Amino acid sequence: FSQGTGSRVLILMDDMPVLQADAGLPNWADLPTENIAQMEVLKGAASALYGSAALNGVINIRTAYPLNKPVTKVGVFGTLYGDPSNPSDKWWNGSNMPFETGVQIAHRRKIGKFDVVLGSNLFYNRSFIRGFRTLDNGSIDSIPGYNNRARVTINTRYRHSEKIIFTLNTNVNIGSQNVFLFHNRNDTTLGFYESDLAPSPRGQNFRMTIDPALTIYDNFEGRHRFQFRYFYIDNNNEGNFGNSSNTFYGEYQFQRKFKELNGLELAAGIVGNHIISDSDVYLGEIYQHSNMGIYAQLDYKLWDKLSISAGMRFELNATVYPDTLRYTPSIPGLPIPFNEVILPLKDTIESKPIFRLGLSYKLARATFLRASFGQGYRFPTVLEKFISTSAGGIAIIPNPELVSETGWSAEIGFKQGFKIGKWKGFMDLAGFWSEYQNMMEFQAAFFGIAYQVQNIGNTIINGLDFSIMGQGNIGPVDIDLIAGYTFLNPTYKDFDDSLSRVFIQQNSTSDENILKYRNRHTVKFDGQATIKDFSIGFTVMYLSFMEAIDYFLEYGDNTSFPFDPNAETKIYDFRQDNPDGSLMLNARIAYQITKFAKASFLVNNVLNNMYSIQPGRVEAPINFTLRADFTF
């Protein structure tokens, strides 16, 4: 739900952070999916080694490098959308029906001591959601949503010797799109796949990264890595919705395994990050933020059974702000003559040490017990403190008083491998407990007619996570299965405090002690059967009913004044009609035509359920994708 705000999970690409520095969010379209080799997931607080954005964990995506034989891969696809389950929600016809198409290309080869990896992705989309705009003559014109982009990635590596390696990776992504936040909330003549009668901002974006790096291996089994990044972003959007930033990043990391100390491993380093942002959404002012950190982590193994990992980090954040913040609140649809707000700002310097400890014990050949504890710390991004814009008819206002959130996360887990006949796999059960102080989240403000990022207080999030993965066969049919279940209990720590309770109840659709925009239960299952060159699979995901959202979304009608807190919106109607949560079923079938060609047919939302992951935004109806992949 909190799109556009900082992430508590750090996304890395080949060990380099890909989060947009001024907003703390990933742009998934930047990732070279055509060249991904593997993905590594680290659960729990990892700020000690990776920094403030890793409060809840890390996802590290590693790209492929060429083997001895050059490889070229080409994939093309096209998607068509079926009719919604409710015919009245269909706004399109044969001439403007939604669809998307794309092509991706990857080429990897060695040229002497050079490794070259090329990637490209072209994508064209006409969305199943449409909005509206007011023309100069006062008439209303519809705008089918779109999201078009083109990306080129060039990764090079020069192996000067076995001990000295240079790399230079570049990524350029250009695109155009319009933005929708909510479906229509009040007009009964419009369907759930139509946006509010508010401007749907259109814009173009340009994103570029240049990542040089040098890796040196010394004569003592030590590795020295120097890596740098320049990240430029220019989102040129209509309606006070643009932002731009320059990011400069540098890191030195040392790793060594000490054989004389029974295999003790050390990873240590120093990292710095500086951003300069000048954007419409930040009131046109220039903001500068610097982040610096020193970290170290030790890994040690005892008796070939017990693995110990301990780390610490000292992090410093420094900001340079304009002397004064001046803005005039503008609430769409409300004819209130707000006065200009003038707030003095001061540059800040803030620092904090954080620690992490992890243990893993091998109980038996395929039985492992683990435990971990890690502290976290996240400084608010420029966007979270100073964004001032509107989206979907809702004002988003700055909060210069926002302060850093801190916390810790602990986990106890049990993993059991198994082999039964021709079947093998593992089961994993984990219990987790996280606590946050001054947690930052988007919240309704000004009696629900605007939003801002706020410190919502101290919170506790705990629960259980179970997963099972297995492979086997039934006769000539190979079977792959993955399943998982997560129970989440997200609560306010001070809910029993009378003032906190009143504040929460007035702003939440639930009287229970539960954080907003969370699903208590999540179930996922994926199964695939393969026989020779033919495979068929399906994916099921269930999200339980989201009990607590902002009261304003269900009952507020901000298109009129005075504000009516009892006016039920279409979001309320949708939630009343879908009290059992969201169920999604996807299916796929593929055939390896030759060694070099593969055809796939995918059907998403097979049941054609109308469901919503983000309140106020309905997901796609049933849709059909035909894909062809070629390898040379």
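The values are calculated or read from the model by the stated rules, or taken from the named source; none is laboratory data. For clarity, every value in this text was computed on a predicted model and none was experimentally measured. Glycine gets a Cβ as well: all are built from the backbone with ideal geometry, and neighbour counts include every protein chain shown. The area values use the complete protein model at the heavy-atom level, side chains included, leaving out ligands, DNA and RNA. Shrake-Rupley method; radii C 1.70, N 1.55, O 1.52, S 1.80 Å.
Computed values, structure above
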| item | result |
| --- | --- |
| Any hit, region 219-228, residues being without any contact (Cβ under 8 Å) to a residue 12 or more places away in the chain and open to solvent by 60 Å² or more (accessible area, probe 1.4 Å) | yes |
| Subset tally (residues that are within 30 Å of Ser388 (Cβ to Cβ) and open to solvent by 50 Å² or more (accessible area, probe 1.4 Å)) for region 204-218 | 2 |
| Output for region 66-83, where each listed residue is open to solvent by 60 Å² or more (accessible area, probe 1.4 Å) and either touching a Leu at 6+ places or on another chain (Cβ under 6 Å) or part of a loop (DSSP other than H, G, I, E, B) (or both) | Leu67, Asn68, Lys69, Asp83 |
| Given (1) modelled with pLDDT of 90 or more; (2) crowded, with 17+ Cβ neighbours inside 10 Å; (3) part of a strand (DSSP E or B); (4) among the polar types (S, T, N, Q), number of the condition Gln454 does not satisfy | (1) |
| Long-range neighbours under 9 Å by Cβ, at least six apart or interchain, first residue closer than 27 Å to Asn519 by Cα and in contact (Cβ under 8 Å) with a residue 40 or more places away in the chain within region 579-597, second open to solvent by less than 50 Å² (accessible area, probe 1.4 Å) and among the aromatic types (Phe, Trp, Tyr) | Gly581/Tyr611; Ser582/Tyr611; Leu583/Tyr611; Met584/Tyr611 |
| Condition check for Asn291: among the polar types (S, T, N, Q) and surrounded by fewer than 16 Cβ atoms within 10 Å (Cβ to Cβ) | no |
| Of all residues making up region 457-472, the number that are farther than 16 Å from Leu402 by Cβ and open to solvent by 40 Å² or more (accessible area, probe 1.4 Å) | 5 |
| Scope region 341-373; condition open to solvent by 50 Å² or more (accessible area, probe 1.4 Å), closer than 30 Å to Trp433 by Cβ and either of a type in the set (D, E, K, R) or not in a strand (DSSP E or B) (or both); matching residues | Glu350, Lys352, Lys362, Arg365, Arg370 |
| Listing of strands (runs of 3 or more DSSP E) fully contained in region 181-267 that carry 2 or more residues being at pLDDT 95 or above, within 24 Å of Gly311 (Cα to Cα) and in contact with a His (Cβ under 8 Å, 6 or more places away or on another chain) | 202-217, 243-258 |
| Hey, Leu19 surrounded by 19 or more Cβ atoms within 10 Å (Cβ to Cβ), under 24 Å from Thr209 (Cα atoms), of a type outside the set (Ser, Thr, Tyr) and modelled with pLDDT of 90 or more or not | no |
| Residue check, Asp496 at pLDDT 95 or above and either of a type in the set (Phe, Trp, Tyr) or within 28 Å of Ala45 (Cα to Cα) (or both) | no |
| Complete set of residues in region 84-114 that are open to solvent by 80 Å² or more (accessible area, probe 1.4 Å) and in a strand (DSSP E or B) | Arg109, Ile111, Phe114 |
| Residue within region 401-413 that is open to solvent by 50 Å² or more (accessible area, probe 1.4 Å) and in contact (Cβ under 8 Å) with a residue 60 or more places away in the chain present | yes |
| Any hit, region 590-597, residues being in a strand (DSSP E or B), open to solvent by 20 Å² or more (accessible area, probe 1.4 Å) and farther than 19 Å from Asp83 by Cβ | yes |
